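Take a look at the structure set out below.
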Amino acid sequence: MDGSSFNNIPAEIRNEIFRLALTTSGPIELRRGNEPGLIQTCRQIRQETQSVFWTGNAFVIDITEGSGGRIAKLIAAIDPVKLSQIPTIVLRSRLMIAASRLPLTPVDDVEIVVDALAARDVVAKEQVKMDVVLEFQEDLPPHIRSELYVQTRFQLRKAWCEWLWLCAYSNGALKRQSRIWHASHPSISQRRE
C-alpha cells in the first residue's frame, strides 16, 4: 500500500473513512469470520482498521433454544484482544407468551452463553447487556396479552438473565483470584496434595 494514492491521504481523513466504512448504528451479529473485507485488504490496512471495527460497534448474540453449546464454542474461538475491545455485547433471548404453556425460553442456553463469556477473562462485567424479545402465540386470549401480565413476564425474564450474568461473572472472578493465589502460594497448594 506504500505506493498507493490512498496512503497519501492525511491520516485523520483515512481514519474517518475507515470509521464510516466499518461502524454501524445498530449491533452486528457476533459470529466467526464477520470482519469486513476491507480489514483483510493488506497488512497495513488491517493494522489501521481492526481496532476501529471492534471498538466502534456493539455486537449481538441471538440465543435460541438449543444454541448455547454452539455459541459457547464461538465465544471460545474469538481472539481475546478483539473480544476485550468490544464496547457492548448484547445477549438477546426470546420470551414466548402462549396460552397452552408457561412462557418457556431457553434459560439453560442463556446460562451456557454467559458462562462461556465469563470464562474468557477479558470480558468486563459492564460489556454485557441483556435484551429480551417478546413473541406472542397468534390466538392468545386478551387477558394473557394484557400489558401487566406481559410486562411482568418480560421484566422477570430480563432480571433473571442479568442475574445469570452477574453470577457467571462473579464465579469467573473468584476462579481468577484462586488461580492468582495458588500461583503466588505454591508451597501451600502442594501441601494439600
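A few notes on this one:
- Qualifying residue in region 91-109 (condition: farther than 23 Å from LYS158 by Cα and either buried (at least 17 other Cβ atoms within 10 Å of the Cβ) or modelled with pLDDT of 85 or more (or both)): no
- Residue in region 126-143 that is modelled with pLDDT of 80 or more, outside any strand (DSSP E or B) and in the same structural domain as ARG94 (by TED's automatic domain parsing) present: yes
- Among the residues of region 176-186, those identified as surrounded by 10 or more Cβ atoms within 10 Å (Cβ to Cβ) and modelled with pLDDT under 75 are ARG176, GLN177, ARG179, ILE180, TRP181, HIS182, HIS185.
- Screening ARG32, ARG19 for residues that are surrounded by 12 or more Cβ atoms within 10 Å (Cβ to Cβ) and either assigned to a helix (DSSP H, G or I) or under 13 Å from the mean Cα position of the chain (by Cα) (or both) leaves exactly one candidate, ARG19.
- Flag for GLY26 being surrounded by fewer than 13 Cβ atoms within 10 Å (Cβ to Cβ) and either on the phi < 0 side of the Ramachandran plot or in contact with a Gly (Cβ under 6 Å, 6 or more places away or on another chain) (or both): yes
- Flag for GLY33 being in the same structural domain as VAL123 (by TED's automatic domain parsing) and farther than 30 Å from SER146 by Cβ: no
- Inter-residue pairs, beta-carbon under 6 Å, first modelled with pLDDT under 90 and in region 58-86, second of a type in the set (Ser, Thr, Tyr), 6+ apart: ILE63/SER93
- Considering only residues in region 35-61 that are in contact with a helix residue (DSSP H, G or I) (Cβ under 9 Å, 6 or more places away or on another chain) and outside any helix (DSSP H, G or I), the one that is surrounded by the most Cβ atoms within 10 Å (Cβ to Cβ) turns out to be ILE61.
- Within region 6-16, the only residue that satisfies the criterion of being part of a loop (DSSP other than H, G, I, E, B) and either surrounded by fewer than 10 Cβ atoms within 10 Å (Cβ to Cβ) or within 26 Å of the chain's Cα centre (by Cα) (or both) is PRO10.
- Residue match in region 5-18 (condition: at pLDDT 90 or above and closer than 19 Å to ILE78 by Cα): no
The values are calculated or read from the model by the stated rules, or taken from the named source; none is laboratory data. Remember, predicted model here, so these are calculated numbers, not experimental data. A quick note on method: Cβ atoms are made from the backbone with ideal geometry, for glycine too, and the neighbour counts reach across all protein chains shown.
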